[in-house]
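> Take this structure first; my questions come after.
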Amino acid sequence: MVENRYELTTPAAQLVEVARIAAPYKNKPEMLMNVVIQVQKVVPALSEAVAAVIAREMGISQTHVSGFITFYAMLSVKPHGKYIVRMCKSAPCHVRGAQEIVLALEDQLNIKMGETTEDGRFTLEYCPCLGICDVSPAIMINDKTYGDLTPDSVREIIKRYIREDV
Amino acid sequence: MVNITIDGQKLQVPEGVTILEAARTANINIPTLCYHEDQKIKSVCRICAVEVEGQRLLQAACSYPVAEGMVIRTSTPTVLNARKNNLELLLAHHPQDCLVCGKNGRCELQKLTQDLNMNKPLRYEVETRGFPIDDSSPCITRDPNKCILCTRCVEACNEVQTVGTFSKQNRGYETVVVTPYDKKTVDTPCVGCGQCVQVCPVGALTIHDDTDRIYKELVGGKILVAQVAPSVRVTIAEALGEDPGTISPGRLVTAMKKLGFHQVFDSDFSADLTIMEEGYELLDRIKNGGTLPMITSCCPGWVKFCETFSPKELDHLSSAKSPQQMFGAVIKTYYAEKAGVDPKDICSISIMPCTAKKFECLRPEFHDSGYQDVDISLTVVELANMIKAAGINFKELEETPFDTPFGLGSGAGEIFGATGGVMEAALRTVYEVITGKELPRLDFTEVRGVEGLKEAVIDIDGLEVKVAVVHSLSNARDMLRKVRAGKADYHFIEVMACPGGCVGGGGTPVRSWKKVKARLDAAYELDKQLPIRKSHENPAIKEIYAEFLGEPLSEKAHHLLHTSYISRKDLLS
Amino acid sequence: MEEMHVLLRNRGKIIPTDAKSYMSVGGYVALKKALSMEGADIIQVLKDAGLRGRGGAGFPTYLKLQFAYNTESDEKYIVCNADEGEPGTNKDRVLLSEDPNSIFEGMAIAAKAIGAHKGFIYLRSEYPYIRPILIEALESARQAGCLGKNILGSGYDFDIELHSGAGAYVCGEETALFESIEGNRGEPRYRPPYPGTKGLFGKPTALNNVETLANIPPILLNGAEWYRSIGSPNSPGTKLFTVCGNVNKRGVFEFPMGVNLKDILYDVCGGVADGELLAVQTGGSSGAIINPDQIDLPLDIDHVSASGGRLGCGTILVINDKNCVVDIVKNNLDFFRSESCGQCTTCREGGTRLYELICHISSGKGTLKDIETIKDLANTMRVSALCGLGHSTAVPVLSSLQNFEEVYNRHLDGNDCSICGHDRGY
């Protein structure tokens, strides 16, 4: 059964910011990716209200905006943690012990893949190949990559994020 | 022209046609599913796969153009197997409750299983999406579990109608055609036009079924008073298996009487009434500097569209109610009084080519009789289903005239169902009211036809009346843009939400342009046959003004026959 | 065995973001030459050189340009496909981060060839750290007069716009990439029309992979004959190979086409790490999985195709015996089913059903009937899906069934597989 996936209210101040980002691209639908990527940096999730503002400001339909957002894996309608830990799920990492890294991450953050910690700081996600197979198994935390991971080294990395030592 | 070979048959076909089109000229039937003759090529179902000599891949016949010397095979074992395998994949992700599905027997997926001789159990475990059925709209019912992702409805809703109720969401196996953020249909800008229902090959989009309510009212002892829209008499026979364009008002009345309707009135009457009120309103606006251009308001899909997407332009809409709502108000007042019945004992039912009418009759402002003016609005398709269920052999029925006092309509009312029809009807009356002279010609052919935008300038005694006719909401949207920019240099604009007008409405049998054209021809044919062809000459109209309403735009007329509109902009946020 | 650095010639030797630095080692000289040539002549050089696409399909590059060249239009585009999504492939990342100007130069030459004045780079979102490099490099190239108006004083205008993806493997498919740039869901278009006649924004477009574009300047500079002297007759030039998985030395290596897989594995990369060789998958997840008896294989486009796989983007995944082939196929199929765009029946539904069937086998509950169904379905996917993603899904499945029949049979006989039995959690 599909539960309600979209329970999220976006604060009005953020919606104003969203409008500011989208407004210069009225009737330029090809700028949607650009807008959405920028917007995602200022809102915790691409909520219904956010999509409505983007649609209104860019002069495109809401169905188009939401259809677009839900297509791309890195655009999210669900709130994300401050740090998105992306674990490569592809074969080059898989054959080099990716699963041990997954278990270490889940254990340390006490959440399962796909979940966000209660304090809203960490989200664990799978992603396809990160393109750094020379150092697999690898993860990406926001825009930074880490490779040649062992369960111990990944715990150390996460610890630094917990301490905000990044 | 290019020379090609299909299944050994040598053919000459125009360059650039698709394999599918070429094959059809040679009577070779390639099965299709996502393909729709009135729509863009989608090429996504992969059912129409064929072999093209020299190519490793099978090609989709619907999208692949022929070229000189091409050799095509449409039914090799590889081809047939690929089609079956793709169909099996669709079936494995589709509910198996065909026997109790609203599309049973009319489902294109079901037909394909017969055509492709699917006669073995599926090799996969059937999985369905687990979405709730969305019955929140009074007009359409959505069951996303049955969707096969042909995306015809996406085109109808987003491109033809530019409404944007739903579209493809998510990716891969999770892809589904739903409303954004899983909203209920009723919370979306959906105008209820039903054009999505018209193109859905399966049971994912269906007309909101109200037939049970009729049976309930019959049992409850109410007096069932029905009004039948002009388009119904040119589509009901088709809905029951006869040729598109078959005209059958007499059999229709007989069938409805057999079903138990007590009074069956002709909405041509209220169409004429609409022309009177709308026509006089137009004259009033022109004479007294009212907001121009005036735009018709008889199409509820269009009205809601304007309320949602362009509320600032609402004062352009004629305040005249639609024929359905005028009739509703008249039945529970004038008629009730005349017939000596208590309006609370009347169940007022409209038979319409339209799904949006189901929404219209629920609008809270339409209680001018003191009751809900129209209680139930049924579509042609629902009525046909009732006729079938009652075992009535429609084809063999004798003819019965509509009941009096509203059994008489003019040809002007008759063509309301055609795009341009309201305009033509209005011009016939406006001309004669202004000039006091008889029209030299009755047919305003310049507003007929299926072009998206039709324009004409009519010289009425020196007054150049500029008119425009648009149909389909994408064209209406363009027109609104012009109105907003002050560039719509017209006095009067007719807008119909459905392509072709009401005869192509969401509540008619499955449409195609070919069928819609046949229905249009039938409507104009009926107009020609009628002794009275102008609304103001309809004796029933003269009578109701004399006995009850006074004159067009009178206070009573305003109370019962006019309305106002609201902004629905909030549906966009 | 020595690498041959044509594309990696500047690796570590220049400041990647500095056009001047690139020019100091001979950069943009080829462009200068191209700017004085007729478009048809540039295309002829590429034809003579026999350059074939390095993104996966191996389509002759000159033909792509020729199609766009032949189409009359007020506007044409050059698109650089930097959506390097094939699992195990890193070569474009190396080029983009180490020598972006060589790609810009390749794009500019291709643009001059077809008469385009605008180029697009579509960068995958998994490379966010490359974005600033490209932005800086583009600006530097403009400052140096190599991009923008009147490039290198030639009177010819050409500039490049950078676009980002947002996590969709299918956007590496050229028409899906166009859709994505246009602000739509990245769903491939049916063909024809081909991009050369109707591509990005409906205009004639030539789209090429990063590595393909990087090949163009050296060809223009050194000539077709020189290029043909490298590699094999059907696939001239060098190729970047990404070697990954259970191998001692991993990374991106450049060799002439036709280099033997066995030599790369043992001589260059020091052999299998942490166990014995179980299998090799060439060309990424959409490539064939071959057994140790098959690795004496010259790596060029046609040889690998003939073996049932594809050279693709030159990815070599080495798999040791701590793994199970069925589990690897399951991993591949999991990838394809989540990356399917969902548009066509075959790939959307077939990908998931295929994954489920393999899971069934992997769990030890499979039967011969399942194998039959897998083969039948995979063969249908290979020929009737709308785009390459759907076609490719079948490749690891069918190749592994052929090359590891006994492994599958073992799984049918009951779950004695320690790898598959040990649930890896996804």
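Each value in this text was obtained by applying a stated rule to the coordinates, not by laboratory testing. What you see is a predicted model; the values in this text were computed from it and never measured. Methodologically, a virtual Cβ is constructed for each residue, glycine included, from the backbone with ideal geometry; neighbour enumeration extends over all protein chains shown.
> Once you charge only the Cβ atoms, +1 for Lys and Arg and -1 for Asp and Glu, what is the size of the charge dipole of region C:236-318 about its Cα centre, to the nearest 20 debye?
In debye, rounded to 20, region C:236-318 gives about 240.
> Something else now. Distance between the C-alpha centers of region A:4-65 and region C:213-252? Whole Å please.
Going from one Cα centre to the other spans 44 Å.
> Only bridges whose two residues both fall in the protein assembly as shown count here: according to DSSP, what percent of them are antiparallel, nearest 5?
Expressed as a percentage, antiparallel bridges in the protein assembly as shown total about 50.
> Among the chymotrypsin sites (Phe, Trp or Tyr not before Pro) in region B:129-185, which ones are in a DSSP loop with at most 10 other Cβ atoms within 10 Å of the Cβ? Mind listing them?
For chymotrypsin sites (Phe, Trp or Tyr not before Pro) across region B:129-185 that sit outside H, G, I, E and B with at most 10 neighbouring Cβ atoms in 10 Å, the list is empty.
> So what's chain C giving for Cα Rg divided by 2.2 N^0.38 Å, two decimals?
My calculation over the Cα atoms of chain C gives 0.99.
> Using the scaling law 2.2 N^0.38 Å as the reference, what is the normalised Cα Rg of region B:464-569?
Ratio of Rg to 2.2 N^0.38 Å for region B:464-569: 1.37.
> Then there's this: Among residues other than C:GLN143 whose Cβ falls under 14 Å from its Cβ, what is the net charge (Lys/Arg +1, Asp/Glu -1)?
Counting the neighbours of C:GLN143, the net charge comes to -1.
> Related question: Principal axis extents for region B:2-91, Cα atoms only, whole Å, descending order, please.
37, 30, 22
> If I model region C:1-101 as equal point scatterers sitting on the Cα atoms and use the Debye formula, what is log10 I(q)/I(0) at q = 0.11, 0.24 Å⁻¹?
-0.45, -1.38
> Express in % the proportion of alpha carbon pairs of region B:391-524 at distances exceeding 25 Å.
Within region B:391-524, distances greater than 25 Å cover 36 percent of Cα pairs.
> What lysines sit close enough to B:LYS344 to cross-link, taking a C-alpha to C-alpha distance under 24 Å and skipping anything fewer than 8 places away on the same chain?
B:LYS216, B:LYS222, B:LYS257, B:LYS258, B:LYS321, B:LYS332, B:LYS357, B:LYS358, B:LYS556
> List nothing, just return the count: lysine pairs in region B:364-519, 8 or more apart or interchain, with Cα separation under 29 Å.
The number of close lysine pairs in region B:364-519 is 18.
> Given N residues in region C:19-229, what is its alpha carbon radius of gyration divided by 2.2 N^0.38 Å?
0.93
> Just want the answer: with Cβ charges of +1 for Lys and Arg and -1 for Asp and Glu, which residue in C:THR197, C:LEU63, C:PRO292 is farthest toward the dipole's positive end in chain C?
C:THR197
> Something else now. If you fit an axis through the alpha-carbon atoms of helix C:100-114 and take the longest principal axis of the Cα set of chain C, what angle between them do you get, 0 to 90°, nearest 10?
Approximately 70 degrees, to the nearest 10.
> Report, to the nearest 10°, how far helix C:325-339 tilts away from the longest principal axis of the Cα atoms in chain C, using its own Cα long axis and a range of 0 to 90°.
The angle comes out near 50 degrees.
> Moving to a separate point now. Semi-axes, largest first, in whole Å: what does sqrt of 5 times each Cα gyration tensor eigenvalue give for chain A?
33, 17, 14
> Exposure proxy check: C:LEU265, C:LEU277 ranked by fewest other beta carbons within 10 Å?
C:LEU277, C:LEU265
> Just to be sure I understand the rule: take each whole DSSP H helix in chain B, project its Cα atoms onto its long axis, keep it if the span is 30 Å or more and its mean Kyte-Doolittle hydropathy is at least -0.5. Which ones pass?
B:267-288
> Over the protein assembly as shown, with a single point scatterer placed on each C-alpha, what log10 of the ratio I(q)/I(0) does the Debye formula yield at q = 0.05, 0.07, 0.10 1/Å?
-0.40, -0.75, -1.27
> Where Lys and Arg each count +1 and Asp and Glu each count -1, what net charge lies around C:GLU72 among other residues with Cβ under 15 Å from its Cβ?
Summing Lys/Arg as +1 and Asp/Glu as -1 gives +1.
> Using the Cα centre as the reference, give the magnitude of the dipole from point charges on the C-beta atoms of the protein assembly as shown (Lys, Arg: +1; Asp, Glu: -1; all else neutral), rounded to the nearest 20 debye.
For the protein assembly as shown, the charge dipole is close to 840 debye.
> Here is a further query. Translational D (Stokes-Einstein, µm²/s) of region B:58-185 at 25 °C and 0.890 mPa s when Rh comes from the Kirkwood sum over C-alpha pairs?
In µm²/s, the coefficient is 144.
> Moving to a separate point now. If I measure Cβ to Cβ between cysteines in chain A, which ones have no partner under 4.7 Å?
A:CYS127, A:CYS129
> Thinking of region C:238-301 as a set of Cα atoms, what percent of all their pairs are more than 14 Å apart?
Counting pairs separated by more than 14 Å, the tail of P(r) holds 56 percent.
> Which GluC sites (Glu not before Pro) in region A:90-132 sit in a loop by DSSP (not H, G, I, E or B) and have at most 10 other Cβ atoms within 10 Å of their own Cβ?
In loop regions of region A:90-132 (DSSP not H, G, I, E or B), the sparsely surrounded GluC sites (Glu not before Pro) are A:GLU118.
> To continue, here is another question. Can you list the cysteines of chain C that have no other Cys Cβ under 4.7 Å away?
So far as the 4.7 Å Cβ criterion goes, C:CYS80, C:CYS146, C:CYS171, C:CYS269, C:CYS313, C:CYS324, C:CYS341, C:CYS344, C:CYS347, C:CYS359, C:CYS387 stand without a partner in chain C.
> Per residue of C:376-383, what is the mean number of Cβ atoms on other protein chains within 10 angstrom of that residue's Cβ?
That average works out to 6.
> Still on this model: Run through the DSSP bridge list for chain C and note the antiparallel percent, rounded to the nearest 5.
50
> Mean shadow of chain B, computed from the convex hull of its alpha carbons, in nm²?
That works out to 28.1 nm².
> Right, something else. Determine, for B:THR435, B:THR179, C:THR315, the number of other Cβ atoms within 10 Å of each Cβ, and report the residues in order from fewest to most.
With the sparsest Cβ surroundings first, the list reads B:THR435, B:THR179, C:THR315.
> Excluding same-chain residues fewer than 8 positions from C:LYS330, which lysines have a Cα within less than 27 Å of its Cα?
Within the straight-line limit of under 27 Å, C:LYS330 reaches these lysines: A:LYS89, A:LYS112, B:LYS84, C:LYS91, C:LYS249, C:LYS262, C:LYS322, C:LYS365, C:LYS369, C:LYS375.
> Something else: Return the Rg/Rh ratio of region B:129-207 with Cα-based radii and a Kirkwood Rh.
0.90
> How would B:PHE309, B:PHE131, C:PHE104, B:PHE402 line up from fewest to most surrounding beta-carbon atoms within 10 angstrom?
Least to most surrounded, the residues fall as B:PHE131, B:PHE309, B:PHE402, C:PHE104.
> Filter the trypsin sites (Lys or Arg not before Pro) in region C:84-191 down to the DSSP loop ones having no more than 15 other Cβ atoms within 10 Å, then list what survives.
Sites meeting the loop and neighbour criteria: C:LYS149.
> Further question on the same structure: Pop a pseudo-label 7 angstrom from the Cα along the beta-carbon direction at both B:ARG106 and A:ASP165 and give the gap in nm to one decimal.
Using points 7 Å along Cα→Cβ, the separation is 7.0 nm.
> Hey, another quick one. Provide the descending list of Cα extents for region A:83-162 along its principal axes, expressed in whole angstroms.
33, 22, 20
> Also, quick follow-up: Specify the inter-centroid distance of region B:40-107 and region B:271-345, based on alpha-carbon positions, in whole Å.
48
> Sticking with this structure for a sec: So what's the gap between the Cα centers of region C:126-200 and region B:390-434, to the nearest angstrom?
What the calculation gives is 59 Å, centre to centre.
> If the only charges are +1 at each Lys and Arg Cβ and -1 at each Asp and Glu Cβ, what is the size of the charge dipole of chain C around the Cα centre, to the nearest 20 debye?
Using only the charged Cβ atoms, the result is roughly 760 debye.
> Going by a ≥ b ≥ c, the root eigenvalues of the Cα gyration tensor, does region C:270-335 fall in the rounded group (a/c under 1.5), the prolate group (a/b larger than b/c) or the oblate group?
Oblate, because a/c is 1.5 or more while a/b does not exceed b/c.
> Dipole of the protein assembly as shown (Lys/Arg Cβ +1, Asp/Glu Cβ -1, origin at the Cα centre): which of C:TRP226, B:VAL253, B:ALA425 lies farthest to the positive side?
Ranked along the dipole, the leading option is C:TRP226.
> Mind checking the log10 I(q)/I(0) for region B:189-266 at q = 0.26, 0.28 Å⁻¹? Debye, one equal scatterer per Cα, no solvent, two decimals.
-1.20, -1.23
> Would you compute, from DSSP H runs of 4+ residues alone, the mean residue ellipticity of the protein assembly as shown at 222 nm, taking -39500 (n - 2.57) per run and dividing by the full residue count, rounded to the nearest 500?
Dividing the helical sum by the residues of the protein assembly as shown leaves -11000 deg cm²/dmol.
> Any number yet on Rg/Rh for region C:325-421, C-alpha, Kirkwood?
0.96
> Then there's this: Roughly what % antiparallel, to the nearest 5, for the DSSP beta bridges in region A:25-166?
Antiparallel bridges: around 55 percent, rounded to the nearest 5.
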